[in-house]
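The values are calculated or read from the model by the stated rules, or taken from the named source; none is laboratory data. What you are looking at is a predicted structure, and each value in this text was computed from that prediction instead of being measured. Here the Cβ is made from the backbone with ideal geometry for all residues, glycine too, and neighbour counts use every protein chain on show. All accessible areas refer to the heavy atoms of the entire protein, side chains included, with ligands and DNA or RNA removed. Shrake-Rupley method; radii C 1.70, N 1.55, O 1.52, S 1.80 Å.
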Amino acid sequence: MSELLVDFITSLDGYASGEGWPGFWGLEGPEYLAWLGGQPEVTYLMGANTYRLMSGFAAGEVPSGQDEFRPEEEESVDGLTQASKVVFSSSLEEPLTWANSTLVRDDAVEAVRVMKSGGSGLLSTIGSLSLCRSLLRAGLVDRFRVVMFPVITGATGAERIYDGYPDVALEMIEHRTFDGRIQLAEYKPRVLEHPPLAVPA
């Protein structure tokens, strides 16, 4: 059975990106990049908006506010191009132009349920806030990982991650600090029907 990881990189105030900021908010360091490069092989899950954005980067489109990609950003995009990707969308048309991408028009929650039960290895989301929210609500997420960068993007932040989420209890299974400033926290999530009646001792 496959394991499903929801994986976010965020500003401290919970935004997935910021207008005019470079990738990784320009704050990645050698420890973080080495860890990122050593991650196991995964199949990435994404929605149409993330596909359009990331495939555009892969085709050479530079984010607004930048003249060119930094080497760290190019390496990240190249890695995604080589990886297997499953794209859930009713609006995209086949064939998808980004290498190693498969289009699925079926309901994403049910499709991922089948992928988990009949597969092996690791499934991981990338971006795709509404997809992540739906998979979490359905109880399909095994691990919820957040890497927080030390910046508050109150004026320029885009894509608030946790809006519309249910209440979720999080049991920490890993944490570490990269380059003295970037915080990783990984949890086992449990969706709550209501707030707990008592705080655990």
Considering only protein heavy atoms and a 1.4 Å probe, what is the carbon-and-sulfur percentage of the accessible area of the chain? 51 percent
Show me the ranking of peptides 104-111, 161-168 by mean Cβ neighbours inside 10 Å, starting with the highest. 104-111, 161-168
Would you grab the residues whose amide H sits under 5 Å from the one on Asp13? Only those 5+ places off in sequence or on another chain, please, with H modelled 1.01 Å from N. Thr153
Which residues' amide hydrogens lie under 5 Å from the amide hydrogen of Gly18, considering only partners 5 or more residues apart or on another chain, with H built in the peptide plane? Ala158
Whole-Hz Karplus ³J(HN,Hα) for segment 168-178, in order, using 6.51 cos²θ - 1.76 cosθ + 1.60 and θ = phi - 60°, x for Gly and Pro? 9, 8, 10, 9, 5, 10, 7, 7, 6, 10, 10
What number, rounded to the nearest 500 deg cm²/dmol, is the helix-based mean residue ellipticity at 222 nm of the chain, given -39500 (n - 2.57) per DSSP H run of at least four residues and division by all its residues? -7500 deg cm²/dmol
Can you pull the percent of Cα pairs in segment 87-201 with separation above 25 Å? 38 percent
From the Cα centre of segment 115-174 to that of segment 1-66, the distance in Å is 13 Å
Send over a whole-number figure in Å² for the accessible area per residue of segment 106-199, probe 1.4 Å. 56 Å²
Where q = 0.08, 0.11, 0.12 Å⁻¹, what log10 of I(q)/I(0) comes from the Debye formula for the chain, counting one point per Cα? -0.27, -0.53, -0.64
Restricting to the chain, what percent of DSSP beta bridges are antiparallel, rounded to 5? 45 percent
